[in-house]
Each structure stands twice: as structure tokens, then as C-alpha cells.
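Right, one structure below, let's go through it.
The values are calculated or read from the model by the stated rules, or taken from the named source; none is laboratory data. Predicted model, so just to flag it, every value in this text is computed and none were measured. Note that we place each Cβ from the backbone using ideal geometry, even for glycine, and neighbour counts take in every protein chain shown. Heads up: the accessible areas ignore ligands, DNA and RNA and are worked out on the full protein's heavy atoms, side chains in. Shrake-Rupley method; radii C 1.70, N 1.55, O 1.52, S 1.80 Å.
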Amino acid sequence: MTTKTLFEKIRDREIPATIVYEDDEFIAFKDIKPAAKVHVLIVPKKPYPTLEAVEMNDQMQLRLLQLARRLAKELGVSDNYKLHLNVGDKVQAVPHLHLHLLGGFDKETPTAL
Ligand code: 5GP
């Protein structure tokens, strides 16, 4: 039996998280250490270790982006958000593909990216 990733444990309700969205393919929950007013992680339930483990033509990538736009709207930041995706073990803390949705910035607070 393989060890579950942290996000699989959240998916399976073994670790608590504030879940904001779920369907058959994705789960989205608040980041435990938010870097913006809105900071949600959008995670495919299938534990791809990284974006580079996804087949180039896999339409999941499109659905992930569509879901990010939908959640940005639902969370009230559709005119003010960033999507951030770390790829590779040098920059990923959690080896399970996830898209950061960060939103609710104000002009006074400069951001790194
Ligand atoms: P990465 O650096 O892999 O792109 O981002 C991993 C993210 O997962 C970080 O922003 C971190 O704050 C978040 N995170 C780590 N552990 C937990 C946890 O137990 N619960 C939640 N909700 N987020 C977590």
C-alpha cells in the first residue's frame, strides 16, 4: 500500500480542512497559511505528483483552469486574483498537483509576482 499524500488525507477527511468546493474530480480548500485574503488550493483528487506527471493532452488541465475561474467568481475575486502552480520537488512542498488561487489584493500592498 502506498502512503497517501497530505492532500489525499484531506480529500478522505483524515485531516481537517475548510473545504470550499468538491466534485468527482477536484477538491478545493483554504490554505492553512494564507498568503492573501483569499488563498485556496484546487486539487485533483487523483494524486498526480506534479503537473509534469499529467499527459500533455489530458483535458483535466483545462477543467482545472475553468474551475479556478469559477471559484474566483464565487469567492468574489474574479477581477483581482493570481493563479500559482509550483512544479517539481525543488519548489513543491506537497507532491500532489495543486493550483493556488490567491485573491483579494489591494493596490497598497505590493506583491512579489
Ligand atoms: P506548495 O509549496 O507545494 O505549492 O504549496 C503547498 C501549500 O500547502 C502551502 O501553501 C501550505 O501552506 C499548504 N499546506 C500545507 N499543509 C497544509 C495543511 O495541512 N492544510 C492545508 N489546508 N494547507 C496546507
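Just to be sure, is Lys90 assigned to a loop (DSSP other than H, G, I, E, B) and of a type in the set (D, E, K, R)? Yes, satisfied.
Residues are listed down the side, and each one gets a yes or a no for (1) surrounded by fewer than 15 Cβ atoms within 10 Å (Cβ to Cβ); (2) without any contact (Cβ under 8 Å) to a residue 60 or more places away in the chain; (3) among the β-branched types (Val, Ile, Thr):
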| site | (1), (2), (3) |
| --- | --- |
| Lys45 | no, yes, no |
| Leu75 | no, yes, no |
| Leu85 | no, yes, no |
| Val91 | yes, yes, yes |
| His96 | no, no, no |
| Lys107 | yes, yes, no |
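Screening Val91, Val77, Val54, Val87 for residues that are in contact with a Leu (Cβ under 6 Å, 6 or more places away or on another chain) and of a type in the set (A, V, I, L, M) leaves exactly one candidate, Val87. One residue stands out in region 56-73 among those that are open to solvent by less than 60 Å² (accessible area, probe 1.4 Å) and more than 16 Å from the ligand (Cβ to nearest atom): the one that is nearest to Asp23 (Cα to Cα), namely Leu67. Among the residues of region 97-112, just one is within 8 Å of the ligand (Cβ to nearest atom) and closer than 18 Å to Lys46 by Cβ, namely His98.
Going by the structure shown, is Leu113 in a loop (DSSP other than H, G, I, E, B) and exposed (fewer than 15 other Cβ atoms within 10 Å of the Cβ)? Answer is yes for this residue.
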